[in-house]
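The values are calculated or read from the model by the stated rules, or taken from the named source; none is laboratory data. Given the structure is predicted, the values throughout are model-derived calculations rather than measurements. Cβ placement follows ideal geometry from the backbone for every residue including glycine, while neighbour counts extend to all protein chains displayed. Ligands, DNA and RNA are excluded from the accessible area calculation, which covers all protein heavy atoms including side chains. Shrake-Rupley method; radii C 1.70, N 1.55, O 1.52, S 1.80 Å.
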Amino acid sequence: MASQSPNKVSLPVIKRLPKYYRYISDMHKNGIVKISSSELAHMMGTTASQVRQDLNCFGGFGQQGIGYHVDVLLSEISKLLFSERTLDAVLIGTGRLGRAISGYLSSEARGYHLMAAFDKSPAEIGREILPGVIVRDVAELSDFCKEHQPDVAVLCIPRSGAQAVAPTLVEAGVKGYWNFSHYDLSVEYDDITVENVHLGDSLMSLGYLMRNDH
């Protein structure tokens, strides 16, 4: 089956791709060669029909009655999630959360390169947050972005700080945002891609489920 254009694949399907990647990576490491849509659905907590529909959006990768070759599936999903071009990122905010995120970007986040970090605190400016990455004054952010043209900004600052720095980043041409600030940039700016991360929402959902015996 022909795959859909990336722009026509629904957001829920795209959001499920990393989960497919995690499970299929584990299967590949464990030496599993083939898997059926039913088996994969059981692991994913969904239905075989949903698995087939999701994967058919990108070409299918399997055969009816045979299932999926794990190595092929892993290769194809890797191509979808990780292109050959690394995305350059800047980190705004180097407090406790920012430091944790910088560590993740440097060791776990495939396809990203943290090129610079910024903060407004004198205690942070000049500190080496990662080997070769010195925290810069946020006042230098505009000039840096215009010169080096990062693809992604990672916002680990309060809502008010994000509101203040957003115009600078958007004007400098930064198109992607991994946003921990609780300020939704996409409301005010149309031509950008935002992934909002609300740690508190996740924790509240867990609390609800625990207290209501789900």
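Count of the range 194-212 residues, restricted to those that are open to solvent by 70 Å² or more (accessible area, probe 1.4 Å) and not in a strand (DSSP E or B), is 11. The set of residues from the range 29-63 being assigned to a helix (DSSP H, G or I), of a type in the set (Gly, Ala, Ser) and in contact (Cβ under 8 Å) with a residue 24 or more places away in the chain comprises just one member, 37. If the condition is being part of a helix (DSSP H, G or I), touching a Phe, Trp or Tyr at 6+ places or on another chain (Cβ under 8 Å) and open to solvent by 50 Å² or more (accessible area, probe 1.4 Å), then the range 72-107 contributes 72, 76, 80, 81, 97. Annotation: of all residues in the range 137-156 being touching a helix residue (DSSP H, G or I) at 6+ places or on another chain (Cβ under 7 Å) and not in a helix (DSSP H, G or I), the one that is most open to solvent (accessible area, probe 1.4 Å) is 156. Taking the conditions exactly as written (open to solvent by 60 Å² or more (accessible area, probe 1.4 Å), of a type in the set (Ser, Thr, Tyr), at pLDDT 90 or above and within 16 Å of residue 151 (Cα to Cα)), does residue 112 satisfy them or not? It is true that residue 112 is open to solvent by 60 Å² or more (accessible area, probe 1.4 Å), of a type in the set (Ser, Thr, Tyr), at pLDDT 90 or above and within 16 Å of residue 151 (Cα to Cα). Taking the options 46, 94, 86, name whichever one is at pLDDT 95 or above, among the polar types (S, T, N, Q) and at negative phi. Exactly one of 46, 94, 86 is at pLDDT 95 or above, among the polar types (S, T, N, Q) and at negative phi, namely 94. In the range 133-150 there is no residue that is under 19 Å from the mean Cα position of the chain (by Cα), acidic (Asp, Glu) and over 23 Å from residue 186 (Cα atoms).
Among residues of the range 172-194 that are touching a residue at least 40 places away in the same chain (Cβ under 8 Å) and under 20 Å from residue 15 (Cα atoms), those with a beta-carbon under 8 Å from a residue that is open to solvent by 50 Å² or more (accessible area, probe 1.4 Å) and of a type in the set (A, V, I, L, M) at least six positions away or on a different chain give the pairs 180/97; 180/199. Close contacts from the range 122-142, counting a first residue that is within 17 Å of residue 107 (Cα to Cα) and a second that is open to solvent by less than 50 Å² (accessible area, probe 1.4 Å), with Cβ to Cβ under 6 Å and a gap of 6+ residues or different chains, come to 129/94; 129/102; 129/117; 129/135; 130/102; 133/117. Can you say whether residue 124 is open to solvent by less than 60 Å² (accessible area, probe 1.4 Å) and either part of a helix (DSSP H, G or I) or not aromatic (Phe, Trp, Tyr) (or both), as far as the supplied structure shows? Here the answer is yes, as residue 124 does meet what is asked. The listed residues are 177, 183, and the only one of them that is surrounded by 15 or more Cβ atoms within 10 Å (Cβ to Cβ), touching a helix residue (DSSP H, G or I) at 6+ places or on another chain (Cβ under 8 Å), at pLDDT 95 or above and not in a helix (DSSP H, G or I) turns out to be 177.
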